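Take a look at the structure below.
The values are calculated or read from the model by the stated rules, or taken from the named source; none is laboratory data. Since the model is a prediction, treat every value here as computed from it, not as a measurement. Every residue, glycine as well, gets a Cβ built from its backbone with ideal geometry; the counts of neighbours run over all protein chains shown.
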Amino acid sequence: MINIPKGTKDVSPFISYKWHYLEDAVRKTAADFGFTEIRTPTFEHTELFLRGVGETTDIVNKEMYTFLDKGSRSVTLKPEGTAGVARAYIEGGYAEYPQPVKMYYLTPVFRYERPQAGRLREHHQFGVELYGSASPFADAEVMILAKTLFSRLGLTEPVLNINSIGCPECRKTYNAALREYLGNNLQNMCASCRERFDKNPLRILDCKEPGCRKITAGAPRTIDYLCDDCKSHFEKLQSILRAAGIEFKVNPSIVRGLDYYTGTVFEFISDAIGAQGTVCGGGRYNNLVSEVGGKPTPAVGFGMGLERLLMILENLNLPVGEPEIPVIYIAPASEADAEKAFELVNALRSKGISADSDLVGRSLKAQMKYAGKRGYKFTAVFGGAEEESGKIKIKRMEDGSEYECAVSEMAEVLK
């Protein structure tokens, strides 16, 4: 037997309705906010992620699925969705369209990391991307979109945490203060943090090693080193959220794990999957488009893991949709009636009625037992008597009540 690769998971036909429910809610919410879907390739040139995501990130250093194709070109399975959207924005000439351009995606992403609750080596993300607006109203819009989705799914628990990590200019002052603080403790930190100290000290704040987290707990706060523009933007964002009735917490420890973030960063954090975890994370990346070859373009967005979101819904016993079962099961009265019953099923399907019939040669008794287990709303038996009279009895499985009608009128009756 060949087993499924570690860190991957089948979505069986018996639970796929849960994914349909979640994806439908995602698409409806995104559409209500004026976002339209973008689909980018599953793999991209590796350089895109080196330049966009950043060489000092764990994703690039440890987690990417990178390989040479048959033309000896280095390609990488997408580890996140934003870099590919930025590439598409440039290559597709989206800057020529009315701004802002508001996009969303539902995509698989691939990271070679230790599988954990709600996070697999192949998992799926819902993300939104808003390009062409530097306004704090755009920041608020994507946060409110995420909050609206949670509310529609019945989730009131994820808490919005926000921070600002500043622009490249105020980041210089902050990095100097951070290096000064960390300098005396550097020998006690992990190898990755020691490497980041010179290249990108802000990444040290995102380290999950307990020893490093203990050291960084007292580190300077980015919000204390913001330039006037970044400070004004962050204060205005808070004012907008308050006016919209959105509860939030300023959390200076949030820096996000990708190098492209600038200014606003945020996470929705939940306790519903055991240990406290991030359900949705995002922020601003005003320099990303220029870093991967385009013109300077302000941008903001987020990514949200669908496996983790679905796990929260199930843990809280919230609705996750219902199995998609055909409306009616037509049972042939005997083997000789199978062909006519099959014709009737296909006639109903052609009129928009989901219908099913016997495909394995069961007895009539076995068919009724099967129909009960599968959960069909209605059943009907079709045989010589029904063919001769032109009438058929439809049975409602919920209460056993029956309704007789002409065979030719079944579709209208079921509708």
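Data for the structure
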read-out	value
Test set (1) modelled with pLDDT under 95; (2) surrounded by 15 or more Cβ atoms within 10 Å (Cβ to Cβ); (3) in a loop (DSSP other than H, G, I, E, B); (4) not basic (Lys, Arg) - GLY218 fails condition number	(2)
Where a residue in region 227-252 is more than 19 Å from ARG171 (Cα to Cα) and its partner, wherever it lies, is surrounded by 13 or more Cβ atoms within 10 Å (Cβ to Cβ) and among the small types (Gly, Ala, Ser), with Cβ under 8 Å and at least six apart	LEU237/ALA140; ILE240/ALA140; LEU241/ALA140; ALA244/ALA140; ILE246/ALA140
Criterion: surrounded by fewer than 20 Cβ atoms within 10 Å (Cβ to Cβ), modelled with pLDDT of 95 or more and part of a strand (DSSP E or B) - qualifying residue of LYS231, LYS295, LYS236, LYS249	LYS249
Residue, nearest to GLY257 (Cα to Cα), within region 196-208, restricted to residues that are surrounded by 15 or more Cβ atoms within 10 Å (Cβ to Cβ) and not basic (Lys, Arg)	ASP206
Filtered residue count, region 159-173, keeping only those that are over 18 Å from TYR285 (Cα atoms) and either surrounded by 19 or more Cβ atoms within 10 Å (Cβ to Cβ) or assigned by TED's automatic domain parsing to the domain that holds SER239 (or both)	2
Region 155-199 - residue that is hydroxyl-bearing (Ser, Thr, Tyr) and outside any strand (DSSP E or B) and, of those, nearest to GLN238 (Cα to Cα)	THR156
Breaking point among (1) outside the structural domain of ALA134 (by TED's automatic domain parsing); (2) acidic (Asp, Glu); (3) crowded, with 17+ Cβ neighbours inside 10 Å, for ASP259	(1)
Residues located in region 1-30, provided they are exposed (fewer than 11 other Cβ atoms within 10 Å of the Cβ) and of a type in the set (A, V, I, L, M, F, W, C)	MET1, ILE2, ILE4, PHE14
Helices (runs of 4 or more DSSP H) wholly inside region 37-152 containing at least 1 residues that are closer than 29 Å to ILE246 by Cβ and within 16 Å of the chain's Cα centre (by Cα)	82-91, 136-152
Among residues of region 269-292, those that are surrounded by fewer than 23 Cβ atoms within 10 Å (Cβ to Cβ), touching a Lys or Arg at 6+ places or on another chain (Cβ under 8 Å) and touching a residue at least 60 places away in the same chain (Cβ under 8 Å), counted	4
Output for region 348-364, where each listed residue is more than 13 Å from PRO332 (Cβ to Cβ) and either loosely packed, with under 12 Cβ neighbours inside 10 Å or free of Cβ contacts under 8 Å to residues at least 12 places away in the same chain (or both)	ARG349, SER350, GLY352
Residue within region 378-399 that is polar (S, T, N, Q) and over 23 Å from PRO323 (Cα atoms) present	yes
Pick from region 126-136, criterion touching a helix residue (DSSP H, G or I) at 6+ places or on another chain (Cβ under 6 Å) and not charged (D, E, K, R), ranking: surrounded by the most Cβ atoms within 10 Å (Cβ to Cβ)	VAL128
In region 271-292, residue modelled with the highest pLDDT [restricted to those that are in a loop (DSSP other than H, G, I, E, B) and small (Gly, Ala, Ser)]	ALA272
Every residue from region 341-375 that is modelled with pLDDT under 95 and touching a Pro at 6+ places or on another chain (Cβ under 9 Å)	ARG374, GLY375
